[in-house]
Amino acid sequence: MPKQLLTGPLEEQCAFLYDLAQKKMAEGNFTGAVYALEEIVRHVPDYPGAAQLLDEARRRKAEQRLLLFWAFLGAVAFIFLGSSLRLRNDLLLLLLGAVGLFVGYGAGNLWCSFRRR
C-alpha cells in the first residue's frame, strides 16, 4: 500500500489507522500493523486499545520472525545432512531443503507453543 497523507481531525486519522492495523493483523501483516499502531501511540498515547494491540502485534511479529528462522534453519540442516551423505543430485538436495523447511517450521511451532505456556 503506497504512503498517503492523512487529512482531517486527529481522532479520525487515529480511527483510520486503528482500523487499518486491525485489517493488517487479520491479513498476517504484523509489520504494517506495528507501523500504524506506533503512529497512533506516538500522537495519541491514550487512544483506546492501541497500546494493547501494539503489544500484541509486536509479539506476533516476533513469533512470525522466529518461525521463519526455524524454517530456514531446518532447510540448512537438511541440506547439510544431504551434503554430508555425499548426495550429488541437486534435485535431491532441493527436495531435502523443502522437507527441512517444513520440519523446521514444525519445530518452530512446537518451540513457540512451549514458550506460550
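Values quoted throughout were computed directly from the atomic coordinates according to the rules given, and no laboratory measurement underlies them. Computed from a predicted structure; not experimentally measured. All Cβ positions, even for glycine, are placed from backbone atoms using ideal geometry, and neighbour counts span all protein chains on display.
From the residues G82, Q52, A36, which one has its Cα farthest along the dipole of region 10-116 in the positive direction, the dipole being from +1 and -1 charges on Cβ of Lys/Arg and Asp/Glu about the Cα centre? So the residue furthest toward the plus end is G82. When the Cα gyration tensor is reduced to axis lengths a ≥ b ≥ c, the ratio a/c is 1.5 or higher for region 55-111, and with a/b above b/c it is classed as prolate. Taking the Cβ of R59 as the center, what net charge do the other residues with Cβ under 12 Å away carry, scoring Lys and Arg +1 and Asp and Glu -1? For residues surrounding R59, the net value is +3.
Cα axis of helix 50-84 to longest principal axis of the chain: angle in degrees, 0 to 90, nearest 10? For helix 50-84, the angle is close to 10 degrees. Over the C-alpha trace of the chain, radius of gyration and Dmax come out as 20.2, 65 angstrom.
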